[in-house]
1. Towards the positive end of the charge dipole of the range A:2-195, with charges on Cβ (+1 Lys, Arg; -1 Asp, Glu), say which of A:Tyr63, A:Gly41, A:Leu156 has the farthest Cα.
2. Quick one: which of B:187-197, B:77-87 comes out on top by average Cβ neighbours within 10 Å, and what's the full order, highest first?
3. Find which of A:Gly99, A:Thr128, A:Ala118 sits farthest along the positive direction of the dipole of the range A:53-168, computed with +1 on the beta-carbon of Lys and Arg, -1 on that of Asp and Glu, about the Cα centre.
4. By the gyration tensor of its Cα atoms, with a ≥ b ≥ c the square roots of the eigenvalues, what is the shape of the range A:72-174: rounded for a/c under 1.5, prolate for a/b over b/c, or oblate?
5. Between copies, how close do the A:Asp48 label points come, placed 7 Å along Cα→Cβ, listed in nm from shortest?
6. With only Lys, Arg, Asp and Glu charged, each at its Cβ (+1 for the first two, -1 for the last two), find how big the charge dipole of the protein assembly as shown is about the Cα centre; round to the nearest 20 debye.
7. Do the alpha carbons of any pairs in B:Lys36/B:Lys114; B:Lys36/B:Lys60; B:Lys45/B:Lys153; A:Lys36/A:Lys114; A:Lys28/A:Lys60 sit beyond 21 Å of each other, and which pairs?
8. Please list, by residue number, everything in the range B:101-139 whose backbone N is under 19 Å from a paramagnetic label point 7 Å out along Cα→Cβ of B:Lys153.
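Every number in this text was worked out from the coordinates using simple rules, so none of it is lab data. These numbers come from a predicted model, not from an experiment. A quick note on method: Cβ atoms are made from the backbone with ideal geometry, for glycine too, and the neighbour counts reach across all protein chains shown.
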2 protein chains.
Amino acid sequence: MARITFWFEFASTYSYLSAMRIEEMARKADVDVIWKPFLLGPIFKAQDWDTSPFNIYPAKGRYMVRAIERIAQARGFKFRLPNPFPQNGVLAARLALAGLEDGWGPAFIRSVFKLEFAEQQNIAERATLAAALAAAGAPEHKPFERAESPEIKSGLRENTDEAQALGIFGAPSFLTENGELFWGDDRLEQALLWSTRIK
Amino acid sequence: MARITFWFEFASTYSYLSAMRIEEMARKADVDVIWKPFLLGPIFKAQDWDTSPFNIYPAKGRYMVRAIERIAQARGFKFRLPNPFPQNGVLAARLALAGLEDGWGPAFIRSVFKLEFAEQQNIAERATLAAALAAAGAPEHKPFERAESPEIKSGLRENTDEAQALGIFGAPSFLTENGELFWGDDRLEQALLWSTRIK
């Protein structure tokens, strides 16, 4: 079965759009999804950005909010930019890595994105993440301790390094097995088509 | 009949993609196209960029080249980045303004984009633009003198000011009559759908 790697960042509004639809779309296309949380912060810092480009370039930020409102409305879900934006998604990403090993990753990831971008909750707070864990049916075995383990911490750093090495500069990004990179939620359809091409 | 305004810049690779398909797509959607050349240079300068973001951020530039190769191949035309990139499209944009008044604008615009991005010719050179004028069937009445007239020069400045006032930060951008802005060739379908909505 063909596979696609879904590179996402919890602070990213367009990653929210893809997280909410990628599993169903990939299933229809007969493609497996590999979920890869990473951090845009170090990648942005390398190009001298200290916050989201949507803050650095206000016209782009205003456009993004309206563009996602239109798309969310068409897809039947809510969107409102949380405050602060961007949020710190490091702990959420570490929990997601644990969950992806344990099987509750995708449900947890979607739950975090919904709390952040539909409910404007702060995903840097443990209470928000605990709610997402509960919603995802994560078992009660000290997920926060696990998320702070050296293995998980270095796993997230490795993902971020790998993203940078792959030439990823934004999120979401989709990588096919034959090495084609696609950036942006609106390229998901094209990425899935390329995933199923003969290599 | 509904109308859509197509904001484009001759140096912009993604504007090439839209210029080659917007008339046919708009006709099918029963929408009139208003072609609006403008300059990204002043808009980029206002955010401290002195060249294309594809040069400032090399990972983004490499991605853009591959992304457009894939799209061009799927749509059956050629693409290769010209050298230098970005090109100076000021004179081309002024000629386009004259052509849009006289009826040969769209054909000329497509011809310029093809010479630039399929044939790697330099559109800052008069010989290239003369070839585009000939290909577009522009009548022989001193188009270069016309392009350098105060009216045309100030028309291009006004377009650029208007783009900036509308919150346009990149090209292509599409503006519907009901004030919705869409950025990027891959949003053209969505922009046309919105154009035909009841206001």
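1. Of the listed residues, the answer is A:Tyr63.
2. On the way: B:187-197: 18.7, B:77-87: 15.8.
The most tightly packed comes first, giving B:187-197, B:77-87.
3. Value computed over the given set: A:Ala118.
4. Oblate.
5. Ordered by distance, the counterparts are at 0.7 nm.
6. Around 400 debye, computed over the protein assembly as shown.
7. The pairs that break the limit, which is 21 Å between Cα atoms, are B:Lys36/B:Lys60; A:Lys28/A:Lys60.
8. Once the point is set 7 Å along Cα→Cβ of B:Lys153, B:124-126 turn out to lie under 19 Å by backbone N, inside the range B:101-139.
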